[in-house]
1. List the residues whose amide H sits under 5 Å from the amide H of Arg20, counting only those 5 or more places along or on another chain, with H placed 1.01 Å from N in the peptide plane.
2. Say each of Met55 and Leu179 gets a label point 7 Å from the Cα, pointing the same way as Cα to Cβ; how far apart are those two points in nm?
3. Antiparallel as a % of all DSSP beta bridges within the chain, to the nearest 5?
4. Of the listed pairs Lys51/Lys154; Lys51/Lys166; Lys51/Lys121, which have alpha-carbon separations greater than 21 Å here?
5. Go through segment 37-113 and name the trypsin sites (Lys or Arg not before Pro) that are in a DSSP coil and have 12 or fewer other Cβ atoms within 10 Å of their Cβ.
6. Report the gain in length on full extension from Glu106 to Arg83: 0.36 nm times residue separation, minus Cα-Cα distance, nm rounded to one decimal.
7. Given the options Phe50, Phe120, Phe150, state which has the largest fluctuation in a GNM of the chain using a 10 Å cut-off (strictly under) for Cα springs.
8. What distance in nm separates the two pseudo spin-label positions at Lys93 and Ala38, each 7 Å out from Cα along the beta-carbon direction?
Amino acid sequence: MSAADLSAATDSRGASRAARISLVVAMARNRVIGRDNAIPWRLPSELRHFKSLTMGHHIVMGRRTYESIGRLLPGRTTVIVTRDRQYRAAGAKIAHSFADAIAQCEADDEIFVIGGAELFKAALPIADRIHLTVIDAEIPGDTLMPEFDFADWKQTSTRRYAADEKNPYDYTLTVFDRLQIR
């Protein structure tokens with residue numbers, strides 16, 4: 001295998017990787033992504049976008065995120081990352097590290113990491129894309145999106161949504177692609 005082939009087939013840790021790793025993040029202006037193990041807002045139009053984006057793909061989430069959702073999301077393969085070696089969830093794949101989770105998704109062309117904060121922190125160094133929803137409000141919470149350097153990312157699309165009778169907040173959905181894989 002040539003050096004170019006090896007580079008294209010591996011990530012920054014040298015592990016084999018062909019799939020795009022995308023983060024799907026919804027956060028308030030103050031970086032809040034959760035409160036009391038739940039999403040502290042309700043935006044049905046943003047949830048429809050999330051569903052259409054992730055349908056038919058693997059979704060990787062931490063155990064607490066899975067438990068806050070309370071069920072498998074239809075039409076997607078769920079991979080739960082937990083340190084608990086005894087943890088089981090009917091119908092889901094279980095991984096004990098982020099690298100293990102990604103390995104379990106090898107047949108997919110795009111893997112979506114959907115939370116929580118610890119998993120976002122683990123995924124950020126090797127992610128290829130971020131689908132970032134920013135709710136135009138300062139919302140109280142106890143879980144924050146980890147900081148990342150926007151200089152490492154190119155904004156490829158942005159769409160703004162106005163509040164309406166079903167969606168109480170304005171929000172912006174922006175897609176960022178990594179400028180270079182580390």
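1. Counting only residues 5 or more places away or on other chains, the set is Glu110, Ile111.
2. Modelled inter-label distance: 3.6 nm.
3. In the chain, DSSP labels about 45 percent of beta bridges as antiparallel.
4. Correct reply: Lys51/Lys154; Lys51/Lys121.
5. Answer by residue number: Arg42, Arg71, Arg83, Arg85, Arg88.
6. Separation in residues times 0.36 nm, less the Cα-Cα distance, equals 6.2 nm.
7. Phe150
8. 3.1
Every read-out reported here was derived from the displayed coordinates using simple, explicitly stated rules and does not represent laboratory data. Given the structure is predicted, the values throughout are model-derived calculations rather than measurements. Note that we place each Cβ from the backbone using ideal geometry, even for glycine, and neighbour counts take in every protein chain shown.
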